[in-house]
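One structure is given below, encoded as C-alpha cells.
The values are calculated or read from the model by the stated rules, or taken from the named source; none is laboratory data. Everything numeric in this text was worked out from a predicted model, so none of it was measured. Quick reminder, even Gly has a Cβ in these numbers, built from the backbone with ideal geometry, and neighbours come from all protein chains shown.
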Amino acid sequence: MDVDQHIDHFRKKVVETKTAGNWPAQILINLLVRVDRYREALDVSLEYLPGTNASEIACPLLSNVRSWPETSTAWPSLRASVATY
C-alpha cells in the first residue's frame, strides 16, 4: 500500500469537496496521525478545523496534540506550535 498516494488522494478531496463539510479533512487528519505524521495533521487541523468543537468531529484536534506520542520526532515543533496557539 502506498501511504503517500492515499494521503494525496485525501488532500485533493479536502480542497475539492464543498458538499461534505469537513469530513475529508477529518479523514486526512486521522490518516496522518495513524502514520505518525503529526506535524502535517496539525497543519490540516489548523487550516480546516479552526474553532471546531471536539464533540462535533471524529478526529484529533489541536487540543489533543498533548496526548500524541512524545517519542515522535515531530514532538518539539508540535509542542511549540501548541504553545503559540
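Among the residues that make up the stretch 59-75, is at least one of them at pLDDT 75 or above and either of a type in the set (Ser, Thr, Tyr) or in contact with a helix residue (DSSP H, G or I) (Cβ under 7 Å, 6 or more places away or on another chain) (or both)? The answer is yes, given that some residue of the stretch 59-75 is at pLDDT 75 or above and either of a type in the set (Ser, Thr, Tyr) or in contact with a helix residue (DSSP H, G or I) (Cβ under 7 Å, 6 or more places away or on another chain) (or both).
The conditions of being of a type in the set (S, T, N, Q) and modelled with pLDDT of 75 or more are not met by residue 84. If only residues of the stretch 1-30 that are in contact (Cβ under 8 Å) with a residue 24 or more places away in the chain, hydrophobic (A, V, I, L, M, F, W, C) and under 20 Å from residue 55 (Cβ atoms) are counted, the one that is surrounded by the most Cβ atoms within 10 Å (Cβ to Cβ) is 29. Screening the stretch 31-63 for residues that are surrounded by 11 or more Cβ atoms within 10 Å (Cβ to Cβ), hydroxyl-bearing (Ser, Thr, Tyr) and out of contact with any Leu (no Cβ under 8 Å at 6 or more places or on another chain) and picking the one that is farthest from residue 2 (Cα to Cα) gives 63.
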